[in-house]
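The structure under discussion appears below in the form of C-alpha cells.
The values are calculated or read from the model by the stated rules, or taken from the named source; none is laboratory data. None of the values given here were measured: they were computed from a predicted structure. Because the Cβ atoms are built from the backbone with ideal geometry, glycine has one as well, and the counts that use them run over all protein chains shown. In case anyone asks, the SASA skips ligands and DNA or RNA and just uses the protein heavy atoms, side chains included. Shrake-Rupley method; radii C 1.70, N 1.55, O 1.52, S 1.80 Å.
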Amino acid sequence: MVVAKVSSELKTTWIERLPMFPILMSNDYAKSVHRCLLEKKRRESKWQVFLAFRGPDTRFGFAAYLYISLVTAGIRVFNDNDPYLIGKDVAHEIRNAIDHCEISIPIISENYASSPWCLNELTQMVESKRIKGQEILPIFYKVSTSHVRNLSHFFGECMLRHKKLVDTNTYERWEQALREVGSSKGWATEKIANGHEGLLVKRVVKEVSRLLNNPRTCDPPIPIPKHISRM
C-alpha cells in the first residue's frame with residue numbers, strides 16, 4: 001500500500017496533491033498554472049514522440065521507416081521494443097509515454113480499429129490532447145479519412161464486433177476517439193505525391209521538428225536588467 005501510494009504521488013505534480021486541488025481547478029488562473037506545470041513535466045520527459053501503429057500492418061515497413069527517420073533527426077521516439085522496457089510493465093510504460101510525450105503520431109491503417117490495444121492508445125491520446133494540449137498528428141495509411149471519421153466500411157465492421165465484447169463506456173470512448181482523429185488535420189498517404197512514402201516521411205519529420213523546436217511554453221520571459229542590456 002505504501003509503495004503504491006508513493007508511486008502514485010511521483011506521477012503527479014505538487015499542485016495535484018493539494019487537498020484543495022478540485023477547488024483550485026474551478027479558478028482560471030489556477031488552471032493556467034496547472035497546465036504550465038504539466039507542460040514543463042512533459043518537456044522533461046524521456047520521450048518526445050509516441051508513434052502508434054497496428055503491428056501487422058506497418059511495423060516492418062512504413063512505421064519502421066518513419067521511426068528511423070525521426071530518430072536520425074535527433075527526436076526521442078518511444079519504441080515498445082526498447083531494451084529499457086525489459087522487466088517492466090509495458091502497458092504502464094506505454095500509458096506513461098503517451099501521457100508525457102509532446103506529440104503522438106497514430107498511423108491509422110486498415111486493421112487499426114480491429115485492435116483493442118490500438119483503440120485504447122488512441123483514446124488516451126485524445127484525452128491527453130483535450131486535457132494537456134498534446135499534439136496529435138495522424139497518418140491515414142492507405143485508408144480514407146471519411147471511413148475513419150464516419151466509422152464506415154472496415155472501420156464500422158470492426159467497431160460493431162467490439163460493441164458485443166466491451167462495456168458501453170469503453171465502446172463510446174473508442175468511437176469518439178476515432179471520429180475525432182478522423183476529423184483532424186493529418187496526412188493521407190494516397191494524397192502525398194501519389195503514395196510516395198519517402199516524401200511523406202520527410203514531411204512528417206519536418207513538421208515534428210518544427211513543433212519541437214517551437215514548443216508552446218508557459219514559462220514567463222526572464223527580464224534582462226537594464227545595465228546588462230546596455231552592454
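Which count do you get for residues in segment 63-118 that are surrounded by 14 or more Cβ atoms within 10 Å (Cβ to Cβ), among the polar types (S, T, N, Q) and either touching a residue at least 60 places away in the same chain (Cβ under 8 Å) or farther than 23 Å from residue 199 by Cα (or both)?
The number of residues fulfilling the criteria is 5.
Residues that are loosely packed, with under 11 Cβ neighbours inside 10 Å and either at pLDDT 95 or above or of a type in the set (Val, Ile, Thr) (or both): does segment 172-188 have at least one? Spell out how you get there, then give the answer.
Just the residues of segment 172-188 that are loosely packed, with under 11 Cβ neighbours inside 10 Å, to begin with: 185.
Subset that is either at pLDDT 95 or above or of a type in the set (Val, Ile, Thr) (or both): none.
No; the residues of segment 172-188 include none that is loosely packed, with under 11 Cβ neighbours inside 10 Å and either at pLDDT 95 or above or of a type in the set (Val, Ile, Thr) (or both).
Looking for something open to solvent by less than 60 Å² (accessible area, probe 1.4 Å) and of a type in the set (Asp, Glu) - is there at least one such residue anywhere in segment 129-146?
yes
Which helices (runs of 4 or more DSSP H) sit wholly inside segment 46-132 and have at least 2 residues that are of a type in the set (S, T, N, Q)?
In segment 46-132, 62-72, 116-132 are the helices (runs of 4 or more DSSP H) which contain 2 or more residues that are of a type in the set (S, T, N, Q).
Would you tally the residues in segment 133-168 being of a type in the set (Lys, Arg), outside any loop (DSSP other than H, G, I, E, B) and under 20 Å from residue 185 (Cβ atoms)? Lay out the reasoning, then the answer.
Pass one, segment 133-168, residues of a type in the set (Lys, Arg): 142, 149, 161, 163-164.
Filter once more, so that each one left must be outside any loop (DSSP other than H, G, I, E, B): 149, 161, 163.
When the remaining residues are screened for being under 20 Å from residue 185 (Cβ atoms), the result is 149.
Looking only at that region, the number is 1.
Kindly indicate whether any position in segment 80-101 is basic (Lys, Arg), closer than 28 Å to residue 203 by Cβ and more than 10 Å from the chain's Cα centre (by Cα). Write out each step before concluding.
Applying the first criterion (basic (Lys, Arg)) to segment 80-101 yields 88, 95.
Then drop every residue that is not closer than 28 Å to residue 203 by Cβ, which leaves none.
Among the residues of segment 80-101, not one is basic (Lys, Arg), closer than 28 Å to residue 203 by Cβ and more than 10 Å from the chain's Cα centre (by Cα), which makes the answer no.
Can you tell me how many residues in segment 174-191 are over 17 Å from residue 152 (Cα atoms) and part of a helix (DSSP H, G or I)?
Of the residues in segment 174-191, 3 are over 17 Å from residue 152 (Cα atoms) and part of a helix (DSSP H, G or I).
Of everything in segment 151-184, what is out of contact with any strand residue (DSSP E or B) (no Cβ under 7 Å at 6 or more places or on another chain), under 23 Å from residue 135 (Cα atoms) and of a type in the set (A, V, I, L, M, F, W, C)? Give them in sequence order.
The answer is 151, 174, 177, 178.
Counting only residues that are of a type outside the set (D, E, K, R), within 17 Å of residue 141 (Cα to Cα) and open to solvent by 50 Å² or more (accessible area, probe 1.4 Å), which one in segment 194-227 is modelled with the lowest pLDDT?
My answer is 194.
Any chance segment 47-63 includes a residue that's more than 21 Å from residue 200 (Cβ to Cβ) and within 15 Å of the chain's Cα centre (by Cα)?
So far as segment 47-63 goes, yes, one or more of its residues are more than 21 Å from residue 200 (Cβ to Cβ) and within 15 Å of the chain's Cα centre (by Cα).
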